[in-house]
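**Student:** Just dropping this structure here.
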């Protein structure tokens with residue numbers, strides 16, 4: 001019976017993440033957001049260049 005209760009509590013209770021892996025996860029997330037933001041910024045600049053060229057060619 002005690003084993004059953006322990007198993008149930010183990011499943012319900014979330015495990016604490018290790019500090020090192022938590023820091024790595026935060027750094028990785030920061031890098032991913034930075035890359036995504038730079039990609040969006042580059043697409044925005046490309047869109048503005050295309051609009052500018054279309055206005056010149058009209």
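Just so you know, all these numbers are worked out from the coordinates, no wet-lab data involved. Only a predicted model underlies this, so the values are computations on that prediction, with no experimental measurement involved. Neighbour counts are summed over all protein chains in view; Cβ atoms, including those assigned to glycine, are modelled from backbone coordinates with ideal geometry.
**Student:** So, in nm, how far is label residue 18 from label residue 38 when the simple model puts each one 7 Å beyond its Cα toward the Cβ?
**Tutor:** Computed distance between label sites residue 18 and residue 38 equals 2.9 nm.
**Student:** Extending each Cα 7 Å along its Cβ direction at residue 27 and residue 53, get the distance between those two points in nm, one decimal.
**Tutor:** Placing both labels 7 Å along Cα→Cβ, they lie 4.0 nm apart.
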